[in-house]
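Visitor: Questions regarding the structure given below will be posed in turn.
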Amino acid sequence: MAAIADVCELVARFTGALTDYDMEGLRALFARDADLLFYGTQANLHLRGWPALESAFMRQFDALAELRVSIDPDTLVVLELAGGRAACVGSPSLRFQARAGEKVLDHRNIRVTAVAEHRDEAWVFVQMHWSTAGQEVVVEQEGDGSTAAEA
């Protein structure tokens, strides 16, 4: 049960670090594996490895104001695996709020799944996936020259 509580805390630290624009906090939460995977809600947010994910977080921090990310803790499910050395995490209710220029973003009920591993006395994410149901929003991100539709 301690592993489940620790992974719930990892999720809370993740949403808190995003909301606080805390890159150092985010660095502590993700593995440095070359095959770290992050799949966001846009095609240009399908990333492999920490350097790509770090760059995406930095672009988002530069482009977004009033960022707030939360997960309803009552919807968070954590399954302990591998004798407490790994865990699967899921929730259908991540909320992502921000302002991009004059545009207000408020995406509710983003599905999030993740895999976390216990390494060197700490839990870290090794995979994360966000997806939306029935939403399509075109978002332009400065600096990467792309326009992508959220799906």
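The values are calculated or read from the model by the stated rules, or taken from the named source; none is laboratory data. Owing to the predicted nature of the structure, the values given are computational and were not obtained by experimental measurement. Counting neighbours? That spans all protein chains shown, and the Cβs are built from the backbone with ideal geometry, glycine included.
Visitor: Within the set of pairs 6 or more residues apart or between chains, which connect a residue that is of a type in the set (Val, Ile, Thr) inside segment 115-132 to a residue that is surrounded by fewer than 16 Cβ atoms within 10 Å (Cβ to Cβ) with Cβ atoms less than 7 Å apart?
Guide: Taking only residues 6 or more apart or on different chains, the pairs are 115/88; 126/33; 132/151.
Visitor: Which one of 34, 43, 116, 17 is at pLDDT 95 or above, touching a strand residue (DSSP E or B) at 6+ places or on another chain (Cβ under 8 Å) and among the hydrophobic types (A, V, I, L, M, F, W, C)?
Guide: None of the others qualify; the one that does is 116.
Visitor: From the set of residues in segment 63-85 that are within 16 Å of residue 9 (Cβ to Cβ) and surrounded by 15 or more Cβ atoms within 10 Å (Cβ to Cβ), which is farthest from the chain's Cα centre (by Cα)?
Guide: It comes out as 80.
The rows are residues; the columns are (1) part of a helix (DSSP H, G or I); (2) crowded, with 17+ Cβ neighbours inside 10 Å; (3) in contact with an Asp or Glu (Cβ under 9 Å, 6 or more places away or on another chain).
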site	(1), (2), (3)
11	yes, yes, no
32	no, no, no
51	yes, no, no
58	yes, no, no
98	no, yes, yes
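Visitor: How many of the residues in segment 83-121 are of a type in the set (A, V, I, L, M, F, W, C) and within 22 Å of residue 4 (Cα to Cα)?
Guide: 10
Visitor: Tell me the residue from 145, 90 that is modelled with pLDDT under 95 and surrounded by fewer than 16 Cβ atoms within 10 Å (Cβ to Cβ), please.
Guide: Criteria check complete, one pass: 145.
Visitor: Just wondering, is there one or more residues in segment 32-51 that are touching a Lys or Arg at 6+ places or on another chain (Cβ under 9 Å) and among the polar types (S, T, N, Q)?
Guide: No, every residue in segment 32-51 fails to be touching a Lys or Arg at 6+ places or on another chain (Cβ under 9 Å) and among the polar types (S, T, N, Q).
Visitor: Return yes or no: is residue 108 modelled with pLDDT of 95 or more, farther than 17 Å from residue 129 by Cβ, in a strand (DSSP E or B) and not polar (S, T, N, Q)?
Guide: So residue 108 fails the test.
Visitor: Then there's this: Could you list, ordered by first residue, the pairs with Cβ atoms under 7 Å in which the first is in segment 1-21 and over 15 Å from residue 68 (Cβ atoms) and without any contact (Cβ under 8 Å) to a residue 24 or more places away in the chain and the second is in a helix (DSSP H, G or I) and among the small types (Gly, Ala, Ser), at least 6 apart or interchain?
Guide: 13/25
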